[in-house]
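Take a look at the structure below.
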Amino acid sequence: MNDFQNTTKTTLSTIIKWGTIPLILVTLVVIGILLTSSSETSSGFLTKWKNAMESGSIEAYDTLWDNNARGQLNSGYQHTSELFAERFVIEVNISNAVDRTRKVAQYPNYLQIEEIPILVHAIGEPILQSRTLTIAKKGFFRKHWKLVRDEVISEEIGSDLTAFEATRSAGKTPQNNSPVAPLVMEWKEALESQNNKKYTSLWDKSARKKRQNNYQLALAQLSETSKVDLSLATYSPIANSKTKHVVENISVTTYNAGTPIAPHTRRLSVEKKGFFIRRWKLINDEVVGDYLSEQPIPQQQQPEMDSIQEETESGIYNGDAPIDTQLKVGQVLGKWQKAWEDKDIDTYMSIYSDRALITRVSVRNGKEIPSYLTKNQLREKMKRLNVHYSDIQVKISNLVVNGDRAVADLEFLQEFKGTPASGSRPAYSDLGLKQLDLMIDPSDGYWKIYGETWSRYEEVPKFPKN
């Protein structure tokens, strides 16, 4: 009897012992999951980012960043830290950020929050920016949202944050619902990270062979640093097909040793491929023409107008260009100036080449900070200016024209004055140096602007007349 009782006790003890071990393991797993999870939402993180930006505290901003990402060249950290150093007041609008938040394909812990409008109260030059944030869950035991990229996707002079957001949103349809949007984001990341392997993996193998020229051209461009702008991209299903889509109006600018090369536009063709597991794959990646430029108005059909409204008494034709070149580009510049003042955007844009590169240089505390626009981005900027200002005046003085019979470099002092449409704000004015590079377009034989640089300086005196 005692032996039976002892055996029973031993058996029960063994069962309890071995039954406790799994229970302990399950408990540890649950505790581990709780430790590694975070209750913070992306919107909660965004609120912290907004508060850090508006407080001007670089310490608060630093805590939001992943340490490794913060030191990367293209992360955007340096640009914001410079704004903090200059003690500019910053306003952030995150009211519609939820609608612009989406997952990054193949990276379940990553999110992108697109087109966040920001107003920077720079002295004498308020700046409107549009930002895109990339955030990721980071941490070993307990994961938190961290910034891995804070990217300025557009920048312009202005002070009306509400109107800026409204104009950027006008006429746009959310692309988050497009089934191919995640693939396009992967494509963008592959280009900007110069990742050949990742880029190749996005292609359908048979399509890659069939369109070898386009594929090889894209690979060659991966050797240069690229910046991809998806803000104007359109996502469209192919008619009568449930498995094919086309993505157009993608602007790409490549850089060589930090210098921007003429931007180009890409069109992606995407199709669902696979026998058992079907996935979206690239079937084409094309370099196309400027997607926002309409057919230019032939210059012979444009209304005749006076030449440049010049203030200098010594005449406008200074420089070493032949007299006929000076006269011809002077007429083109007069049309450009009048179209700007008349808000005639079609005539204004027709004077720019499809490959024009527009540079804006802001000078803050003696430091030159350039930003770049493509032709389509300039068109959108001019649309917003036309809405914002009821009256625009542009004065040109001290024009110098250098060049020959096919190429001309123009340099002049430009004064801009805009009267806001609201009537409640004071008129905005600025003064700076404008440089235009013109060339005869081989496609139609007319003078076109291929390059434009605008440098605005505070308290710039007018040049002497002699």
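Has segment 73-84 got at least one residue that is within 30 Å of Thr225 (Cβ to Cβ) and at pLDDT below 80?
Looking through segment 73-84, at least one residue is within 30 Å of Thr225 (Cβ to Cβ) and at pLDDT below 80.
All but one of (1) loosely packed, with under 11 Cβ neighbours inside 10 Å; (2) modelled with pLDDT under 85; (3) of a type outside the set (Lys, Arg) hold for Gln212, so report the exception by its number.
Checking Gln212 against (1) loosely packed, with under 11 Cβ neighbours inside 10 Å; (2) modelled with pLDDT under 85; (3) of a type outside the set (Lys, Arg), the one that fails is (2).
Among the listed residues Asp430, Asp409, identify the single one that is modelled with pLDDT of 90 or more and either loosely packed, with under 15 Cβ neighbours inside 10 Å or part of a strand (DSSP E or B) (or both).
Matching residue, one of Asp430, Asp409: Asp409.
So is Ser390 modelled with pLDDT of 85 or more and either surrounded by fewer than 15 Cβ atoms within 10 Å (Cβ to Cβ) or assigned to a loop (DSSP other than H, G, I, E, B) (or both) or not? Don't jump to the end; show me each part of the working.
Values: modelled with pLDDT of 85 or more: yes; either surrounded by fewer than 15 Cβ atoms within 10 Å (Cβ to Cβ) or assigned to a loop (DSSP other than H, G, I, E, B) (or both): yes.
Against the criterion (modelled with pLDDT of 85 or more and either surrounded by fewer than 15 Cβ atoms within 10 Å (Cβ to Cβ) or assigned to a loop (DSSP other than H, G, I, E, B) (or both)), Ser390 qualifies.
Here are some conditions: (1) at pLDDT 80 or above; (2) of a type in the set (A, V, I, L, M, F, W, C); (3) buried (at least 18 other Cβ atoms within 10 Å of the Cβ); (4) closer than 19 Å to Val148 by Cα. Ile90 meets all but one. Which one does it not meet?
Evaluating Ile90 over (1) at pLDDT 80 or above; (2) of a type in the set (A, V, I, L, M, F, W, C); (3) buried (at least 18 other Cβ atoms within 10 Å of the Cβ); (4) closer than 19 Å to Val148 by Cα leaves (4) as the failure.
When you scan segment 269-286, do you find a residue that is more than 24 Å from Thr359 (Cα to Cα), β-branched (Val, Ile, Thr), at pLDDT 70 or above and in a strand (DSSP E or B), even just one?
Yes, segment 269-286 contains a residue that is more than 24 Å from Thr359 (Cα to Cα), β-branched (Val, Ile, Thr), at pLDDT 70 or above and in a strand (DSSP E or B).
Looking at Val252, Val247, which one is touching a Phe, Trp or Tyr at 6+ places or on another chain (Cβ under 7 Å) and either loosely packed, with under 15 Cβ neighbours inside 10 Å or in a strand (DSSP E or B) (or both)?
Of Val252, Val247, the one residue that is touching a Phe, Trp or Tyr at 6+ places or on another chain (Cβ under 7 Å) and either loosely packed, with under 15 Cβ neighbours inside 10 Å or in a strand (DSSP E or B) (or both) is Val247.
Ala122 passes all but one of (1) at pLDDT 80 or above; (2) closer than 23 Å to Ala60 by Cα; (3) out of contact with any helix residue (DSSP H, G or I) (no Cβ under 8 Å at 6 or more places or on another chain); which number fails?
Of everything listed in (1) at pLDDT 80 or above; (2) closer than 23 Å to Ala60 by Cα; (3) out of contact with any helix residue (DSSP H, G or I) (no Cβ under 8 Å at 6 or more places or on another chain), Ala122 misses just condition (1).
Looking at segment 215-226 only, could you name the residues that are exposed (fewer than 12 other Cβ atoms within 10 Å of the Cβ) and either in a helix (DSSP H, G or I) or touching a Leu at 6+ places or on another chain (Cβ under 8 Å) (or both)? Let's see the steps before the verdict.
Looking only at segment 215-226, we keep the residues that are exposed (fewer than 12 other Cβ atoms within 10 Å of the Cβ), and these are 216, 220, 223.
Within segment 215-226, Gln216, Ala220 qualify.
The values are calculated or read from the model by the stated rules, or taken from the named source; none is laboratory data. Computed from a prediction, not measured in an experiment: that's the story for all the values here. Methodologically, a virtual Cβ is constructed for each residue, glycine included, from the backbone with ideal geometry; neighbour enumeration extends over all protein chains shown.
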